[in-house]
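Colleague: Structure below; questions to follow.
The values are calculated or read from the model by the stated rules, or taken from the named source; none is laboratory data. Keep in mind that what you see is a predicted model, and the values were worked out from it rather than measured. Every residue, glycine among them, receives a Cβ derived from its backbone with ideal geometry; neighbour counts consider all protein chains shown. Ligands, DNA and RNA are stripped out before the accessible areas are found, and what is left, the full protein with its side chains, is counted by its heavy atoms. Shrake-Rupley method; radii C 1.70, N 1.55, O 1.52, S 1.80 Å.
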Amino acid sequence: MVAAVESLLRAVGQDPSSQELQFTAMRYVCWLLASTQGSRYPSSYLPQRCINNNSVTVNSSALVNADDKMETIMASELHIPFYSQCEHHLLPFSGIAHVGYFYSIKDSQIERSMVLKTVQLYSRRLQVQERLTRQIAEAIMSNSTFCGVMVVVEASHVCMVSRGVKKIASSTATVATIGRFAKDVASRTAFLKTILKGKADISCQC
């Protein structure tokens, strides 16, 4: 891999053996391996039921499911930072993920560490933002008994800044909904309001 990077440097007229570039190829390879390590994790990396009865989330509110009259609680984990690699251009994109979910009163909330681990698993690989958003939602839904999951990902892409449209300071938002969130507009609206409130709280703290 180092030799391949050195060949690329030579192809653009640079000398990889020069004092300035002698370690560049190795640094690049180390960065690339670290930023794509998620694709090398086994499927068992995410425990099937990583639940903690004492978990505390950023926001939760009790609601009644109109379908079965069972009380459910909407919980959220907001502003989860991540970085990933655009599979189209091999350039980074980074941002934050917000995860909301409904769980019944007989169940318990998911550990924040589980959400962080899920975001890390699917972001540290060659990705597109739309697929990343869907994979996070599906992973959390499949590893729980939740009746709905919603994921919002906001990211800035180097490929949009350095090439093509060259939109400086631009941000892209993607949304994935499963279960109750996919069916109920009020639930989606409530979660989006939670995200906005979280941003407002962070701005006030600054």
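Colleague: Please compute the net charge surrounding GLN14, taking Lys and Arg as +1 and Asp and Glu as -1 over other residues with Cβ under 15 Å from its Cβ.
Modeller: Counting the neighbours of GLN14, the net charge comes to -1.
Colleague: If packing is taken as the mean number of other Cβ atoms within 10 Å per residue, what is the order of 5-17, 127-139, 86-98, highest first? Don't skip to the answer; put the middle values down first.
Modeller: On the way: 5-17: 12.6, 127-139: 19.7, 86-98: 17.6.
Answer by packing, highest mean first, reads 127-139, 86-98, 5-17.
Colleague: Going from most exposed to least, what order do CYS159, CYS147 have by accessible area with a 1.4 Å probe?
Modeller: CYS147, CYS159
Colleague: Another one. Taking the solvent-accessible surface of protein heavy atoms with a 1.4 Å probe, what is the per residue accessible area of region 67-206 in Å²?
Modeller: 47
Colleague: Between ILE105 and THR172, what length comes free when the chain is fully extended (0.36 nm per residue of separation minus the Cα-Cα distance, one decimal in nm)?
Modeller: Taking ILE105 through THR172 to full extension adds about 20.6 nm, to one decimal.
Colleague: If you don't mind, there's one more thing I want to ask. Please label the shape of region 70-149 as rounded, prolate or oblate, based on the square roots a ≥ b ≥ c of the eigenvalues of the alpha-carbon gyration tensor (a/c under 1.5 means rounded; beyond that, a/b larger than b/c means prolate, else oblate).
Modeller: Note, shape of region 70-149 comes out prolate.
Colleague: I'd like the carbon and sulfur percentage of the solvent accessible area for region 146-200, probe radius 1.4 Å, heavy atoms only, ligands and nucleic acids excluded.
Modeller: 63
Colleague: Compute the Kirkwood hydrodynamic radius of region 72-206, taking the inverse of the mean of 1/r over all pairs of distinct Cα atoms, and give it in Å to one decimal.
Modeller: After inverting the mean inverse Cα-Cα distance, the result is 15.4 Å.
Colleague: For region 106-184, go through all pairs of different Cα atoms, get the mean of 1/r, take its inverse, and jot down that Kirkwood value in Å.
Modeller: With all distinct Cα pairs of region 106-184 included, I get 14.0 Å.
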